[in-house]
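A.B. asks: Sending over a structure as structure tokens; questions will come in a sec.
Nothing in this text is a laboratory measurement; each read-out follows from the coordinates by a stated rule. Model, not experiment: these values are computed from the prediction. Ideal geometry is used to build each Cβ from the backbone, glycine not excepted, and the neighbour counts take in all protein chains shown.
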């Protein structure tokens, strides 16, 4: 059975949601913005992070506030169908692929909320045993300043701090 088929029937109740913005200044020319969707229901909170690249898209979302009609009794599948009919951007996004990233943020928050409301882990729902996990750091080799040459110095610095 496909993974989504195991998840789409999970029930969840959304009473409200909020947005939490984050900013990290890397250089005078570049500040990274992200926004968390925090879905609330049944005394639980599910969180998903919108990691789209367009800073103006984050600002427009935060300025608009939590106006999407997400409240109600759902399954993950029925919420996904509801998202099909909603425009998740107050203005057209800077990049068209941002539509998927924002949707994934909401669906991630919904999955988190559904699992918390059910008192189950993702592994339990999928019938899988947890195994050790290794993370990958994806980073550019060039600096954050315009026209800065690519170098492995940043990568070596990360490896020095986190060997193995």
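A.B. asks: Going through the range 5-61 one residue at a time, which ones are closer than 21 Å to residue 72 by Cβ, assigned to a loop (DSSP other than H, G, I, E, B) and in contact with a strand residue (DSSP E or B) (Cβ under 7 Å, 6 or more places away or on another chain)?
C.D. replies: Once the filter is applied, which keeps residues that are closer than 21 Å to residue 72 by Cβ, assigned to a loop (DSSP other than H, G, I, E, B) and in contact with a strand residue (DSSP E or B) (Cβ under 7 Å, 6 or more places away or on another chain), the range 5-61 yields 8, 9, 10, 15, 42.
A.B. asks: Tell me which residues, restricted to the range 116-145, are within 15 Å of residue 3 (Cβ to Cβ), touching a helix residue (DSSP H, G or I) at 6+ places or on another chain (Cβ under 9 Å) and in a helix (DSSP H, G or I).
C.D. replies: Result: 122, 124, 125, 126.
A.B. asks: If I filter the range 144-164 down to residues being touching a residue at least 12 places away in the same chain (Cβ under 8 Å) and surrounded by 10 or more Cβ atoms within 10 Å (Cβ to Cβ), which single residue comes out as nearest to residue 82 (Cα to Cα)?
C.D. replies: The residue in question is 144.
A.B. asks: Restricting the range 146-164 to residues that are more than 26 Å from the chain's Cα centre (by Cα) and in a loop (DSSP other than H, G, I, E, B), which is farthest from residue 32 (Cα to Cα)?
C.D. replies: As a first pass, look at the range 146-164 and keep what is more than 26 Å from the chain's Cα centre (by Cα): 146-153, 156-157, 159-161, 163-164.
Remaining after also requiring in a loop (DSSP other than H, G, I, E, B): 146-149, 151-152, 163-164.
Details: 146: 16, 147: 19, 148: 18, 149: 21, 151: 21, 152: 22, 163: 26, 164: 28 Å.
My answer is 164.
A.B. asks: Within the range 5-19, does at least one residue satisfy the condition of being without any contact (Cβ under 8 Å) to a residue 24 or more places away in the chain and closer than 23 Å to residue 127 by Cα?
C.D. replies: Within the range 5-19, one or more residues are without any contact (Cβ under 8 Å) to a residue 24 or more places away in the chain and closer than 23 Å to residue 127 by Cα.
A.B. asks: Looking at (1) farther than 15 Å from residue 10 by Cβ; (2) in contact with a helix residue (DSSP H, G or I) (Cβ under 9 Å, 6 or more places away or on another chain), which one does residue 107 not meet, given that it meets all the others?
C.D. replies: Here residue 107 meets the rest and fails (1).
A.B. asks: Right, another one. Could you tell me which numbered condition residue 98 fails, if it satisfies all but one of (1) surrounded by 15 or more Cβ atoms within 10 Å (Cβ to Cβ); (2) touching a residue at least 24 places away in the same chain (Cβ under 8 Å); (3) closer than 22 Å to residue 46 by Cα; (4) out of contact with any strand residue (DSSP E or B) (no Cβ under 9 Å at 6 or more places or on another chain)?
C.D. replies: (4)
A.B. asks: Still on this model: Is it the case that some residue within the range 69-79 is within 24 Å of residue 128 (Cβ to Cβ), touching a helix residue (DSSP H, G or I) at 6+ places or on another chain (Cβ under 7 Å) and not in a strand (DSSP E or B)?
C.D. replies: yes
A.B. asks: Checking residue 125 against (1) under 22 Å from residue 34 (Cβ atoms); (2) surrounded by 16 or more Cβ atoms within 10 Å (Cβ to Cβ); (3) more than 19 Å from the chain's Cα centre (by Cα), only one condition comes out false. Which one?
C.D. replies: Result: residue 125 passes all but (1).
A.B. asks: Filter the range 69-81 for residues that are surrounded by fewer than 16 Cβ atoms within 10 Å (Cβ to Cβ) and closer than 13 Å to residue 14 by Cα and give the result.
C.D. replies: Hits for the range 69-81 are 69, 71, 72, 73, 78.
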